Every structure is written in structure tokens, then in C-alpha cells.
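Beneath this line is the structure, given in C-alpha cells, with notes to follow.
The values are calculated or read from the model by the stated rules, or taken from the named source; none is laboratory data. Computed from a predicted structure; not experimentally measured. Cβ placement follows ideal geometry from the backbone for every residue including glycine, while neighbour counts extend to all protein chains displayed.
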Amino acid sequence: MFNVETIRKDFPILQRKVNGKPLVYFDNAATSQTPQQVIDAIVEYYSYYNANIHRGVHTLSQEATDKYEQARLKIQKHFNAKASHEIIMTSGTTHGINLVANGFASLLEKGDEIIVSALEHHSNIVPWQMLCERSGAILKVIPMNDEGALVMSAYADLLSEKTKLVFVNHISNALGTINPIEEIIQQAHAVGAAVLIDGAQACPHVKPDVQALDVDFYVASAHKMCGPTGVGMLYGKEEWLKKLPPYQGGGEMIAEVTFEKTTYADLPHKFEAGTPNICGGIAFGAAIDYMNAIGFDKIATYEHELLDYATAQLLNIPGLKIYGTSKQKTSVISFNLAGIHPYDVGTLLDKMGIAVRTGHHCAQPIMDYFKIPGTIRASFAFYNTRDEIDALVTAVQKAQLMLS
Ligand code: PMP
């Protein structure tokens, strides 16, 4: 049984006030809030078994190593990877993408093509542009339509035997569009291209099955799914992770080092140079446990109800336009008020205790498509309520009155 009031008690931050008003936190697509269970895992780590991992013979080091590796197993199970060494612990989505892009620099040849989508976050555009500069590969873009959905017929036209890689986000952070990644992966594989899916926005809402998807790489950040910042994961098929050269050199990632030659450690350590975010990794595991205990089916159903309710209520406001109207959408509403800059609305909403994101959301090409400087983005999580949406609607109406 999904009881939002019980769930809200797990999140201490939801009790606080902002500018004298109860906090309404609608910036979940930027980062989610942290339940007590995850905070406890962090406190427990630093209180009882803080130590460096994989190299100590002493008890604390072994306890920390066990917990860290248990977290990797939780991530493996959650994403249904075949083997735990296919899970690389990263500092987040951006790190995972850069790791793969860097590795492909040595595998691509001049004239090879890589495909991204018009719906990407900057972190899924810039690394590929850098890769193209280094390798001479050419970047192609799957266009989007007015609903904020990808034009799949154009994707089919872009694919050829020259395509080596395709990079698409599972869900757009700016508009909430859920991309047809199954189809994207299948079609890419038909021409022999590898696929990386940026799951940063999907993982708070769905439980991806990397084997069922047959995806080559999948990346995510813990901080969008009730975990801490500075930690994330990269799933890579073993065959690909073996093929890619290491991203960074350092301790932990070597088998043997002499001044003449270094050999690299086996997976996953080959990609995990240096002391990792040990506490963060363990807390990521706790966050996965927390979300699974609630259940992703229940989370998705509830968030969809919030999305439908908020969309209907906001559209009652004259002059309010929503960007991203695809039916395949998660609980993100990007909108503007006619004649008013999104930043001004966001500032006034904050004064009323409501946290939203304003701006281009690190997805400038999407804003260029709609010819706008940015949007106001309200993104809902499973701990938000209809009452909070009512508060948002009232606050937007007030802001409109004050600014027009
Ligand atoms: N891709 C998408 C779709 C995102 O929403 C984000 C975070 N806003 C990122 C990548 C980058 O994630 P991180 O900053 O955690 O590396």
C-alpha cells in the first residue's frame, strides 16, 4: 500500500520551512531528497567502519570493502546486469559518459559516425563533440518534434554502416519525454553500432533491465534516486569493458607496475583508479534498497497521477504554456507564462517556499528549438502531494499577477 504521508516521514528535509513557508520541493529532476535510511547509512559508515577499501588487512578495511562490494551487488541486481564486474562505480552520469567517450577515442576512425539526440543534456553532447575532435568522427543528431519527442523516421535515415555509436537519454531532463530506447537500441544494433543510454532521469522512476534492453552501456547518478551526490554507476557489457582502454591511471586499477610497463587490473577495477567514494557507494546501495522497498511500479503509478493532476491544474492558468507534450512522459512539467521571464517566476516561487528549476536545464538545443531562453521546470517525486501541486498553482497565479 502506497501511503505518501508515511513516506514523507522518512525525509527530514520535507519538514523544514523556506522563507517562512513549508518547503515544497519540486526540483527533483536536479537532485532528489534523501531519506533517513540513506542518511543513517552515511552516519553509520563514518561512525563505525570508515577505512580505505580493497587493500587493508585490518577489520575496518575489510568491513568497508564488504559493504562497498555489497552495494555493487545491489546495483547489479537492480539493473539486472549479468555480472557484478560489469558495474563500474563512478562519480555520476557525467563521469560514466566521459569514461566511455574517452575509451572510444582509440576505437574510432576518421569518417565514422556517432549519433546523439536533440533531447540531450549537455553532458551527453559535449563529451561526444570532444570525441569527434579527437577522432575525426562525425556527430549526427536525431531531430525532435513540437511535442518534444524524437523523430524516429529521421533516426532510421541517419543510421548506416558508418554509425559506430548511438547516445540517447532514456528520459529527457528538460521535458520529461520517455524515449523509445528499445527501438533505438534494436535499430542501432542492426547496423552494428553500440548504444549508450543516459539513465540519469529514468532511474528515479523506472527499473531498467540492461539485459532485456540488450544495451551496451547504461549510466546513472545516485543523487537523482535518493542517494548522495558524487556517486553513480556505469553498466557496460563485459565484451565492451574489456575492449575499452582505462580512463584514468592510478592506484587500484593496476595488476603490476614497473617503470617499463604497467598491466591493468581485471574488471571492474581497471576503471576505478584511486580511492572511490566509499561512503557514497554504500549509501547508493541503501538508496536502491529504499526505493525497491516502496516499489517502482507504485512509484511510477503515483507520480503519473501527480503529473496528470498538475498538468490539468496548470493548464487552467491563462497564458501558461507547457513544453514537452508527448504522451510518453514522466513527472516533469516545463512551462512558461506568456511575456514573463522564467527566472522571475522562479524567484517569486522561492519566496513562497516552492523550489523549482529555471533556465535551460543544461539542454540549450531544446530551448533553441522552442526559441525560448528557458523554462520553469517543476519535477515531482513519489514523496510529493496533490496539496503541494495546489500550492504551486496558487503561487504561479500570484507570480503572474505580480509580474504582469
Ligand atoms: N544526463 C541527464 C539527462 C541529466 O538530467 C543529468 C543531471 N541533470 C546528467 C546527465 C548529469 O548528471 P550528473 O550531474 O549527476 O553527472
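Observations
- Contacts under 7 angstrom Cβ, first residue in the range 251-262 being in contact (Cβ under 8 Å) with a residue 60 or more places away in the chain and within 12 Å of His54 (Cα to Cα), partner assigned to a loop (DSSP other than H, G, I, E, B) and among the charged types (D, E, K, R), 6 or more apart: Glu252/Glu272
- Total residues in the range 199-212, condition within 16 Å of the ligand (Cβ to nearest atom) and within 19 Å of Asp297 (Cβ to Cβ): 8
- For the range 81-95, the set of residues classified as out of contact with any Pro (no Cβ under 8 Å at 6 or more places or on another chain) and more than 8 Å from the ligand (Cβ to nearest atom) consists of Ala81, Lys82, Ala83, Thr90, listed by residue number.
- Close pairs from the range 93-108: first within 16 Å of Leu139 (Cα to Cα) and in contact (Cβ under 8 Å) with a residue 40 or more places away in the chain, partner within 12 Å of the ligand (Cβ to nearest atom) and of a type in the set (Ser, Thr, Tyr), Cβ under 7 Å, at least 6 apart: Ile97/Ser123
- Applying a threshold of 6 Å to beta carbon distances and a minimum spacing of six or more residues, or different chains, the list of pairs starting in the range 12-39 at a residue that is more than 27 Å from Gly92 (Cα to Cα) and ending at one that is at pLDDT below 95 and crowded, with 17+ Cβ neighbours inside 10 Å is empty.
- Condition check for Tyr383: exposed (fewer than 15 other Cβ atoms within 10 Å of the Cβ), in contact (Cβ under 8 Å) with a residue 24 or more places away in the chain, farther than 17 Å from Gly176 by Cα and under 25 Å from the mean Cα position of the chain (by Cα): no
- Count of the range 120-146 residues which are out of contact with any Leu (no Cβ under 9 Å at 6 or more places or on another chain) and away from the ligand (no atom under 15 Å from the Cβ): 5
- Out of Lys242, Lys207, Lys164, one residue alone is more than 23 Å from the chain's Cα centre (by Cα), of a type in the set (Lys, Arg) and more than 23 Å from Ile125 (Cα to Cα). It is Lys242.
- Residues (touching a residue at least 12 places away in the same chain (Cβ under 8 Å) and under 17 Å from the mean Cα position of the chain (by Cα)) located in the range 125-149: Ile125, Pro127
- For the range 62-102, filtered to residues that are small (Gly, Ala, Ser) and buried (at least 21 other Cβ atoms within 10 Å of the Cβ), the residue that is nearest to Pro245 (Cα to Cα) is Ala101.
- Count of the range 274-288 residues which are out of contact with any Phe, Trp or Tyr (no Cβ under 6 Å at 6 or more places or on another chain) and surrounded by 18 or more Cβ atoms within 10 Å (Cβ to Cβ): 9
- The residues listed here are Ala391, Ala399; of these, the one that is farther than 28 Å from Lys207 by Cα, of a type outside the set (Asp, Glu) and buried (at least 21 other Cβ atoms within 10 Å of the Cβ) is Ala399.
- Filter result (within 16 Å of the ligand (Cβ to nearest atom) and in a helix (DSSP H, G or I)) within the range 96-119: Gly96, Ile97, Asn98, Leu99, Val100, Ala101, Asn102
- Of all residues in the range 150-172, those that are closer than 23 Å to Trp240 by Cα and within 16 Å of the ligand (Cβ to nearest atom) have Cβ atoms under 6 Å from Cβ atoms of residues that are modelled with pLDDT of 95 or more and not in a strand (DSSP E or B), 6 or more apart or on another chain, in Val166/Ala188; Val166/Ala193; Val168/Asn179; Val168/Ile184; His170/Ile181; His170/Gly199; His170/Ala202.
- Considering residues of the range 173-198 that are closer than 30 Å to Leu307 by Cβ and assigned to a strand (DSSP E or B) only, the residue farthest from the ligand (Cβ to nearest atom): Val195
- Extreme residue, surrounded by the most Cβ atoms within 10 Å (Cβ to Cβ), among residues of the range 356-375 that are over 19 Å from the mean Cα position of the chain (by Cα) and either away from the ligand (no atom under 16 Å from the Cβ) or not hydroxyl-bearing (Ser, Thr, Tyr) (or both): Gly374
- Residues within the range 12-33 that are in a loop (DSSP other than H, G, I, E, B) and either in contact with a strand residue (DSSP E or B) (Cβ under 6 Å, 6 or more places away or on another chain) or under 22 Å from Ala220 (Cα atoms) (or both), tallied: 7
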